[in-house]
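The values are calculated or read from the model by the stated rules, or taken from the named source; none is laboratory data. Only a predicted model underlies this, so the values are computations on that prediction, with no experimental measurement involved. Ideal geometry is used to build each Cβ from the backbone, glycine not excepted, and the neighbour counts take in all protein chains shown. Accessible surface is based on the protein model in full, side chains and every heavy atom, while ligands, DNA and RNA are left aside. Shrake-Rupley method; radii C 1.70, N 1.55, O 1.52, S 1.80 Å.
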Amino acid sequence: MVPKITTLSGYIHEYQKSIANPTGFWANIAETFYWRKKWDTILEWDFQNPRIEWFKGGQLNITENIFERNQFLLGDQTAIIWEPNDPKEEARKISYNELFTEVQKFANVLRSHGVRKGDRVAMYMPMIPELTIAMLACARIGAIHSVVFAGFSANALAERIIDAEAKVLVTADGGFRGQKIIHLKDVVDEAMVDCPSIVSSIVVKRTGHNIGWNPKRDYWWHDEMAQADAVASAEIMDAEDPLYILYTSGSTGRPKGVLHTTGGYMVYTAYTFRNVFQYSSGDVFFCAADIGWVTGHSYIVYGPLLEGATSVMFEGIPTYPDAGRYWDIIKKHKVNQFYTSPTAIRSLIAQGQGWVQDIDLTDTLRVLGTVGEPINEEAWHWYHDHIGNNKCPIVDTWWQTETGGIMISAIAGVIPTKPAFASLPLPGIQPQIVDPEGKKLCGKGVEGNLCIKFPWPGMARSHWGDHERYVESYFSQYKGLYFTGDGVKRDEDGYYRILGRMDDVINVSGHRLGTAEIENAINEHPLVSESAVVGFPHDIKGQGIYAYVVCTDIPENSEEELKNSIKKGVSKMISPIARPDQILFVSGLPKTRSGKIMRRILKKIAAGSEEYGDISTLTNPEIVEEIVDKNINLNH
Ligand code: WT7
């Protein structure tokens, strides 16, 4: 197990050590894992010509570090507590031994379908244990998993499968979400029309409803598993061999396949998991994210299982059968650490005090966490007072798909917290704030763009098939620094407060969406000639999606109809999560002389602000007045 910091002075000491000698610091932590062969060098890096290699020459398999390393210690211990969507259905407890057997069986299934080291396996799954099993089975045989969030549309799924050239797809007939059945296999069948790289799709039976079947391609999970051998050797991986791809949105139209590798990611997720949440053996950890996002990869699957934890996996939604569901789960499974998003908290606040009035969860609950977006003070206090009964520290964890794990966060009970502040960098993390011109802002009481100046083991190494875009996305803005895309403030105590994205990425309910991606989807509509999408403050979702749309023609009295068909188009192209909240039809967009859309102004208007700054550099300043007037009408 990785070492655990337990006091503030311990944190300060470890932090200083990690800055003075980063490689020595991380090598010490890496020593606690099982390596088939020790690394030759701890770190080789270059942020000018970006290349990052941790533990180069080291050989390992991450599943050996989950199972074999811990087997005698953990065998019968519960690895996963699976809580179904419907509380009337029985929860499942899967021990480390059982999970190990399932993983090996599915590893053999994948091998029998021709999957070899380096091949990509896509997953489009509900929150069921088979998803974790499939991911770990990939890791067992050195295949690269690419989990696609089950809320994405057929088009978005196909785009990701094509980009990764995935060979096998693991899916399910459907999934349960509240009262709804999500027809995953239908979406898959639609996507498959465009995905010639897929040779087999393996289908878990979850809902049991009728589905289409392609006998040349589709196989039932249970049939395949029934024949599979329960022992599968671990493929020996280099530390820098890919572990997984996870697609996320950037400032250009196409989603990018963020690539994580094996050794560094393992060390980083385990270390941050144990320390931030102060996990002790025997605790029950509940991360309520979906495994389709990085939070689930790092803090439902890899971090907890590497540390021998019991990890709760929840299939359903926080409001089914009622808005007390999370609190029921915490009580039922005696949860010690609970990790969720500010959006989930705000949506539960909106359900009223009744659900939290008489509860006290602190018999077991010790730590609360949030992730994905800035948490407003009101939500922070509600979480702290009502869920933690003023006894549980809140860790507001800032990180990104690209960082692999938590970067800036309190360490529960060790680093004092402040509402709405992510607080301090974890050991090994060296933030650098810069102004827009790249000037380094040092000391306390400064605000600017958040960069990181030294590599950490969990960081993404590339974008799948497009290293140039990786370089362009993070290393081109400020020479020699990794740019996060976020704005930040460091206060008089040296505490960090994340201010949100500075680029063309919006964060809706903690889901990351590129404005360009949404615009592309809107522009597909035959009546649309141009559009500009910005975020605007939204009470529950954090940010909502505001689309300014220029049409070639709006048939009389059909504005509402047209809006709906544009929204539908976006759901179909991307996902219902990308559906605009507001659409405003305008006759033009404010542009600079070089033809660039002035989003700054559009953001201000969408936020209801009346100060849009200098508009004299626009080619069409008159359009601003039109947009402002129309926006006022839209909102009244
Ligand atoms: C973006 C990354 C990290 C896993 C889930 C999201 C925002 C994340 C916080 C936080 C304020 C946060 C940032 C970041 N963000 N955590 N604690 N406080 N903002 O991963 O989809 O890659 O999004 O989420 O803007 O850049 P992601």
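Brief remarks follow.
- Filtered residues of segment 81-114 (kept if in a strand (DSSP E or B) and touching an Asp or Glu at 6+ places or on another chain (Cβ under 9 Å)): W82, E83, R92, I94, S95
- Residue match in segment 461-477 (condition: open to solvent by 10 Å² or more (accessible area, probe 1.4 Å), outside any strand (DSSP E or B) and in contact with a Leu (Cβ under 7 Å, 6 or more places away or on another chain)): yes
- Looking across segment 322-352, the residues that are open to solvent by less than 30 Å² (accessible area, probe 1.4 Å) and among the hydrophobic types (A, V, I, L, M, F, W, C) come down to A323, W327, I329, I330, V335, F338, A344, I345, L348.
- In segment 232-269, residue farthest from the ligand (Cβ to nearest atom) [restricted to those that are among the β-branched types (V, I, T) and over 13 Å from A30 (Cα atoms)]: I236
- If you filter segment 519-557 down to residues that are under 20 Å from G595 (Cβ atoms) and either within 16 Å of the ligand (Cβ to nearest atom) or part of a helix (DSSP H, G or I) (or both), you find that the one that is most open to solvent (accessible area, probe 1.4 Å) is N520.
- When each of D238, D186, D223, D173 is tested for being within 15 Å of L110 (Cα to Cα) and modelled with pLDDT of 95 or more, the lone residue that passes is D223.
- Of all residues in segment 425-447, none satisfies being in contact with a strand residue (DSSP E or B) (Cβ under 7 Å, 6 or more places away or on another chain), open to solvent by less than 50 Å² (accessible area, probe 1.4 Å), at positive phi and part of a strand (DSSP E or B).
- Which listed residue, of F314, F286, is buried (at least 22 other Cβ atoms within 10 Å of the Cβ), more than 14 Å from the ligand (Cβ to nearest atom), within 18 Å of the chain's Cα centre (by Cα) and under 24 Å from A122 (Cβ atoms): F314
- Matching entry among Y302, Y339 (being aromatic (F, W, Y) and touching a Gly at 6+ places or on another chain (Cβ under 8 Å)): Y339
- T272 vs. criteria assigned by TED's automatic domain parsing to the domain that holds K93, within 16 Å of the ligand (Cβ to nearest atom), open to solvent by 10 Å² or more (accessible area, probe 1.4 Å) and among the β-branched types (V, I, T): no
- Here is the figure for segment 353-380: residues that are open to solvent by 40 Å² or more (accessible area, probe 1.4 Å) and either away from the ligand (no atom under 16 Å from the Cβ) or assigned to a loop (DSSP other than H, G, I, E, B) (or both) total 11.
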